[in-house]
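Working notes, structure below.
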Amino acid sequence: DFDTEIDLALFGALGDLSQRKLYPALYQLDREGLLDEGTRLLGVARQEVDAEGFRSKVEAALKCHVKAEEMDRAVVKRFLARLDYCQLDATQPEGYAAIREWRQAGSSRPLVVYLAVGASLYGDICRHLEASGSLDARSRVVVEKPIGFDLVSSREVNDAIGAVFPESRIYRIDHYLGKETVQNLIALRFANPLFGTQWNQNHISHVEITVAEKVGIEGRWGYFDKAGQLRDMVQNHLLQLVCLIAMDPPANLDADAIRDEKVKVLKALKPFTDDMLGRDVVRGQYIAGTSDGQSVPGYLEEDDANTDSHTETFVAMKTGVSNWRWAGVPFYLRTGKRMPAKMSQIVIHFRQQPHYIFDPDQRALAANKLVIRLQPEEGIALEVLTKDSGLDKGMRLRKGPLHLDFNSAFAKSRIPDAYERLLLEVMKGQQYLFVRRDEVEHAWRWCDSLIAAWQDDQAPRRYPAGSWGPVASIAMITQDGRSWYEDY
Ligand code: BG6
């Protein structure tokens, strides 16, 4: 019963996410001819502005966040003509009649409600929408992370949404799942027998995931300080990457077949215990340093900062998936703000040959690595060993990459932003790129084990802005005789 022609009511229509991501993504869909002719959008927010004023703000957002060469005047005009605006205090029931009326004005299309607002408002909004008669059995809701800040609060949020929408009509966004390269993990693993047969503890020694950000807090101190990097990035994005790397092959590509397999991974994640804290987890907070050669303030000197905050802006950890496939294979994860570069990558380290016949000095070289670069410069490289060329080299080995660079390989097609894909899937009613309730809750359960263990270990380690994190995060991996992959 799904139809790609929809009425979209966007709460938080003047917020940062809408302006930076959602309007540009919808515009791109329109440009690609993927927005049905009848699709309309109602911006909902607290601010007092009329429909014309709203359209100008959206146009300004497009100018700011869409590349000039991708701005097409005719498409902009067509896109803006789809927009309307509704001023509303989301916590009060009164204004919701306007949404019902907007729907009744000639639309038989399903309503998609997008909540680009804090999770504390989700319950009120869902209830008021229902009470006002704005919903019907085809309505869908899209919600942003974070869903709560621990298991208990996430259940409350999920219950409140679930009281109005069935799970099959709830689309929980983790925008990493919309990234082309993240989806490629599924293709890479399950379409290539070469990798499919090697993907287990017999052949893989360890897995490394780095999601480094160059940015600091960017005016979001109030939100971020309550969350920290574990809740903001690991609970969702990094764990989703772990799931896609570690899951067993699903029976097919159906949403639930994939999500069932992901949940099994989340359930098998090794929980944290107090004795692992000093050894297997490093929390960091950046102090003043440099970014692109410019001096930048430390986390505690940012605007609105509270000077004794112990919130982490970096976390590194060693964990694992306790099951048959992954027994004994460490997963090293790290993510932080104010690192030297924006770079997300997964490195699969394969085991060495059981019997080694080359120069003993080169033994350390002798293991293949599969480097999956999620952003920027999306691509996949397989590090292989060949004979070094030259008459005087004997059987010296040399490392070299077999490299697939997505930008040059698929140069004709633009790599779409994650939100374009996700919005399109919502319109199509496909849930496989969205997070199911049990995934969110199992992810929180695991994070809670770490947060509980952290209670007595309040002070994070310092690292200068523009560095790869506290030195302890390097020691964490070198104590196992390994190192973070540094070929970037
Ligand atoms: C968001 C986090 O979910 O992801 C931000 O809240 C973070 O703190 C962002 O900066 C990173 O996303 P991307 O797509 O830029 O890697």
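Given +1 at the Cβ of Lys and Arg, -1 at the Cβ of Asp and Glu and no other charges, the dipole of segment 40-149 around its Cα centre is 420 debye to the nearest 20. Above 17 Å, the calculated P(r) of segment 84-199 contains 63 percent of its Cα-Cα pairs. Can you spot the aspartates and glutamates whose alpha carbon is less than 13 Å from Lys399's alpha carbon? Ignore those fewer than 8 places along the same chain. Answer for Lys399, where 13 Å is the Cα cut-off: Glu383, Asp388, Asp487, listed by chain and number. Each Lys and Arg Cβ is given +1 and each Asp and Glu Cβ -1; about its Cα centre, segment 180-253 then shows a dipole of about 60 debye.
Placing R0 at 25 angstrom, the Cβ-Cβ distance between Arg73 and Glu32 gives a FRET efficiency of 0.95 after rounding to 0.05. Taking a point 7 angstrom from the Cα of Gln92 along the C-beta vector, which residues in segment 160-184 have backbone N less than 13 Å away? Residues passing the 13 Å test: none.
Taking the Cβ of Tyr299 as the center, what net charge do the other residues with Cβ under 15 Å away carry, scoring Lys and Arg +1 and Asp and Glu -1? Computed value for this residue: -2. Positive end of the charge dipole of the chain (Lys, Arg +1 and Asp, Glu -1 on Cβ, about the Cα centre): tell me which of Gln345, Ala257, Ala105 has its Cα farthest that way. With unit charges placed on the Cβ atoms, the residue in question is Gln345. Think of segment 283-324 as having a plus end and a minus end, set by charges on the Cβ of Lys, Arg, Asp and Glu; of Val321, Thr307, Gln294, Val321 sits farthest toward the positive end of this dipole. Pairs with C-alpha atoms separated by more than 28 Å, drawn from the list Lys145/Lys264; Lys21/Lys77; Lys262/Lys369; Lys67/Lys318; Lys214/Lys387; Lys267/Lys428, are Lys67/Lys318; Lys214/Lys387; Lys267/Lys428.
Solvent exposure of segment 366-488 amounts to 50 Å² per residue of accessible area, where only protein heavy atoms count and the probe is 1.4 Å. Model label sites at Ser408 and Ala257, defined 7 Å from Cα along the beta-carbon direction, differ in position by 3.6 nm. Specify the angular offset, from 0 to 90 degrees and rounded to the nearest 10, of the alpha carbon long axis of helix 180-191 from the longest principal axis of the alpha carbons in the chain. Long axis of 180-191 versus the principal axis of the chain: about 60 degrees. Relative to the dominant Cα principal axis of the chain, helix 437-454 is inclined by about 60°. What you get for the chain, charging only the Cβ of Lys and Arg (+1) and of Asp and Glu (-1), is a dipole of about 1260 debye around the Cα centre.
Computed over the alpha-carbon pairs of segment 150-243, the distance histogram in 10 Å steps reads 11, 31, 32, 20, 5 percent, short to long.
Restricting the GluC sites (Glu not before Pro) of segment 1-96 to loop positions (DSSP other than H, G, I, E, B) with no more than 10 neighbouring Cβ atoms within 10 Å leaves Glu37, Glu48.
Using C-alpha pairs under 8 Å with a sequence gap of at least 6, the mean separation divided by the residue count of segment 103-197 gives a relative contact order of 27 percent.
When the P(r) is computed for the chain, the part past 33 Å accounts for 43% of the Cα-Cα pairs. Give a quick list of trypsin sites (Lys or Arg not before Pro) in segment 405-454 that DSSP marks as loop, anything other than H, G, I, E or B, with at most 10 other Cβ atoms within 10 Å. Within segment 405-454, the qualifying trypsin sites (Lys or Arg not before Pro) (loop, at most 10 other Cβ atoms within 10 Å) are Lys412. Ordering Met427, Thr478, Ala465 by Cα displacement along the dipole of segment 413-488 toward the positive end leaves Met427 in first place; charges were set at the Cβ atoms of Lys, Arg (+1) and Asp, Glu (-1).
All other residues whose Cβ lies under 12 angstrom from that of Lys179 are scored, Lys and Arg at +1 and Asp and Glu at -1, for a net of -3.
The values are calculated or read from the model by the stated rules, or taken from the named source; none is laboratory data. Worth saying up front: this structure is predicted, and the values here are computed from it rather than measured. Positions of Cβ are generated from backbone atoms using ideal geometry, with glycine treated the same way; all protein chains shown enter the neighbour counts. Calculation scope for accessible area: heavy atoms of the full protein, side chains included, ligands and nucleic acids excluded. Shrake-Rupley method; radii C 1.70, N 1.55, O 1.52, S 1.80 Å.
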